[in-house]
Amino acid sequence: SFVCCHRLLRMSHKRDISSLERKAAALPLIKNKHKRGALYAEISAAKNKARTEERKRRVKEREALGEKAPPKKVARTIENTREADDTMVVPGDEEVLADEHTDEFAGCFEAKKEPRILITTNVKPHMSARKFASELEGIIPGAKFYERKGYELKKIIGYCQEKEFTDIFVINEDRDKVNGLVHCHLPDGPTAFYKLTNLKLNKEIVNHTKNSKHRPELILNNFNTRLGHTLGRMLAAVFPAAPQFEGRRVITFHNQRDFIFFRHHRYVFDINRKKEEKTKARIQEIGPRFTLKLRALQHGTFDTKTGEYEWVHKTSMDTSRRRFFL
């Protein structure tokens with residue numbers, strides 16, 4: 001019967017485990033390096049085989065039990081065991097919804113004005129910053145690159161306020177390597193300071209495709225706290241509220257453990273001529289790709305001397321691997 005077979009499988013599984021334990025206990029006693037390595041490889045292969053057999057056994061057991069099968073266990077991860085945070089945003093929160101109608105980004109989402117973005121760099125930029133600025137200009141509708149030419153950032157902000165720009169991006173670099181990004185929302189802020197890492201331009205991405213001028217769709221993942229919610233709205237306000245779906249462009253900001261991963265793709269539909277086969281959908285990366293880490297969020301526009309900071313990252317805040325702020 002099924003129960004007897006199940007018991008026999010369990011007994012053999014226990015015997016295998018006990019023999020593996022005996023071999024593992026004897027491993028440190030073997031002085032010969034080659035014999036020790038061969039035994040270690042044998043133990044690893046046996047463990048992998050036992051793990052595969054146990055997985056197959058669980059699948060067969062679930063199929064035999066049908067609807068009576070117990071629910072699958074949810075794997076414990078750092079994300080789902082994060083420390084409790086009082087600022088987590090609950091969907092449908094009336095206080096959050098009320099703030100969204102009156103915050104600095106409300107006009108952008110109500111489509112009162114189209115986003116206009118100025119992109120610039122640090123003083124005397126190298127080629128790496130220029131190339132990244134050029135690609136940012138191509139992926140953000142309404143963006144325009146301007147040379148810094150030694151102007152102070154406060155003067156640039158004043159100019160942008162007069163010309164009714166909605167956002168400024170300042171690319172920072174060190175030793176010909178892009179390492180930072182300042183995002184200032186206009187006219188009243190806030191200003192976000194990011195560390196930028198893992199930059200890959202589109203030509204460095206394997207099998208990348210060309211960009212188009214269509215307005216992209218926007219995906220924001222895991223911006224769950226009040227700080228993360230503010231940051232998500234700030235990034236979303238850069239892009240037009242009405243995407244052009246025929247362009248099949250998708251821009252993703254994915255937050256994982258307070259690292260914001262930027263990706264730029266497009267949908268591709270593989271149409272099959274045979275009627276019995278369905279059309280398959282896949283994604284193709286356009287680029288660039290990079291990772292952002294929030295260092296500080298400042299009230300108002302850029303002001304390093306008298307500006308008031310809403311949030312600043314400090315090393316003393318990193319008390320646990322399971323503590324996140326976005």
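The values are calculated or read from the model by the stated rules, or taken from the named source; none is laboratory data. For clarity, every value in this text was computed on a predicted model and none was experimentally measured. No Cβ is skipped: glycine too gets one built from the backbone with ideal geometry, and neighbour counts run over all protein chains shown. With ligands, DNA and RNA removed, areas are computed over all heavy atoms of the protein, side chains included. Shrake-Rupley method; radii C 1.70, N 1.55, O 1.52, S 1.80 Å.
Of all the residues in region 102-133, those that are touching a helix residue (DSSP H, G or I) at 6+ places or on another chain (Cβ under 9 Å), modelled with pLDDT under 90 and among the hydrophobic types (A, V, I, L, M, F, W, C) number 4.
Of the residues THR319, THR279, THR306, which single one is more than 27 Å from HIS229 (Cα to Cα) and among the hydroxyl-bearing types (Ser, Thr, Tyr)? Quick ask: steps written out before the conclusion?
Working: THR319 fails: more than 27 Å from HIS229 (Cα to Cα); THR306 fails: more than 27 Å from HIS229 (Cα to Cα).
Only one candidate qualifies: THR279.
Is at least one residue of region 52-71 charged (D, E, K, R), closer than 29 Å to GLN244 by Cα and either at pLDDT below 85 or open to solvent by less than 80 Å² (accessible area, probe 1.4 Å) (or both)? No, every residue in region 52-71 fails to be charged (D, E, K, R), closer than 29 Å to GLN244 by Cα and either at pLDDT below 85 or open to solvent by less than 80 Å² (accessible area, probe 1.4 Å) (or both). For region 37-48, name all the residues that are within 34 Å of the chain's Cα centre (by Cα) and open to solvent by 70 Å² or more (accessible area, probe 1.4 Å). If the condition is that a residue be within 34 Å of the chain's Cα centre (by Cα) and open to solvent by 70 Å² or more (accessible area, probe 1.4 Å), then LYS47, ASN48 are the ones that fit.
Go through region 288-310 and count every residue that is free of Cβ contacts under 8 Å to residues at least 24 places away in the same chain and among the charged types (D, E, K, R).
Going through region 288-310 one residue at a time, the tally reaches 2.
With respect to GLY150, determine if the residue is under 24 Å from PRO240 (Cα atoms) and open to solvent by less than 70 Å² (accessible area, probe 1.4 Å). No: the conditions fail for GLY150.
Inspect region 78-94 for any residue being among the polar types (S, T, N, Q) and exposed (fewer than 10 other Cβ atoms within 10 Å of the Cβ) and give the result as yes or no. Break it down stepwise before answering.
Pass one, region 78-94, residues among the polar types (S, T, N, Q): 80-81, 87.
Of the ones still in play, those that are also exposed (fewer than 10 other Cβ atoms within 10 Å of the Cβ) are 80-81.
Checked against the condition, which is being among the polar types (S, T, N, Q) and exposed (fewer than 10 other Cβ atoms within 10 Å of the Cβ), region 78-94 yields at least one hit.
Could you tell me whether ILE139 is within 14 Å of HIS185 (Cα to Cα), modelled with pLDDT of 90 or more and surrounded by 11 or more Cβ atoms within 10 Å (Cβ to Cβ)? It is false that ILE139 is within 14 Å of HIS185 (Cα to Cα), modelled with pLDDT of 90 or more and surrounded by 11 or more Cβ atoms within 10 Å (Cβ to Cβ). Once region 277-326 is narrowed to residues that are open to solvent by 80 Å² or more (accessible area, probe 1.4 Å), part of a strand (DSSP E or B) and of a type in the set (Lys, Arg), the residue that is nearest to GLN256 (Cα to Cα) is ARG295.
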